[in-house]
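One structure is given below, encoded as structure tokens.
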């Protein structure tokens, strides 16, 4: 997965959807990898040549012991404040044929729980 994050504080009507945005890095200082708590991270995540790969199986555990969530492997973006301005998320993803129950991105909003985007 290739990810680009950015923000802009004004609305501009142009053909380039990235106009006015500043690309922000996704690196180990601003994201956390969540994988099943009973497996080494390397069993559900890899980073090769800038491509993040995550996978999960229906029999996996959640990312921490005691969680009531479904199995998951995810990148949790941290350290950016999304409570003002306009933000754009850009990424490429691949979901193999026959996969079900996929959520590509969750956004936390006014609700107290994450909502699929």
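Here are the numbers for this structure:
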read-out: Residues that are more than 11 Å from the chain's Cα centre (by Cα) and more than 14 Å from residue 27 (Cα to Cα), drawn from segment 75-91; value: 81, 82, 83, 84, 85, 86, 87, 88
read-out: Residues within segment 91-109 that are surrounded by 10 or more Cβ atoms within 10 Å (Cβ to Cβ) and either modelled with pLDDT under 80 or touching a strand residue (DSSP E or B) at 6+ places or on another chain (Cβ under 9 Å) (or both), tallied; value: 8
read-out: Elements of type strands (runs of 3 or more DSSP E) contained in segment 1-90, each with 2 or more residues being at pLDDT 85 or above and surrounded by 14 or more Cβ atoms within 10 Å (Cβ to Cβ); value: 31-34, 51-54, 74-77
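The values are calculated or read from the model by the stated rules, or taken from the named source; none is laboratory data. Keep in mind the model is a prediction, meaning the values are calculated, not measured. Please note: Cβ atoms are built from the backbone with ideal geometry, for glycine as well, and neighbour counts cover all protein chains shown.
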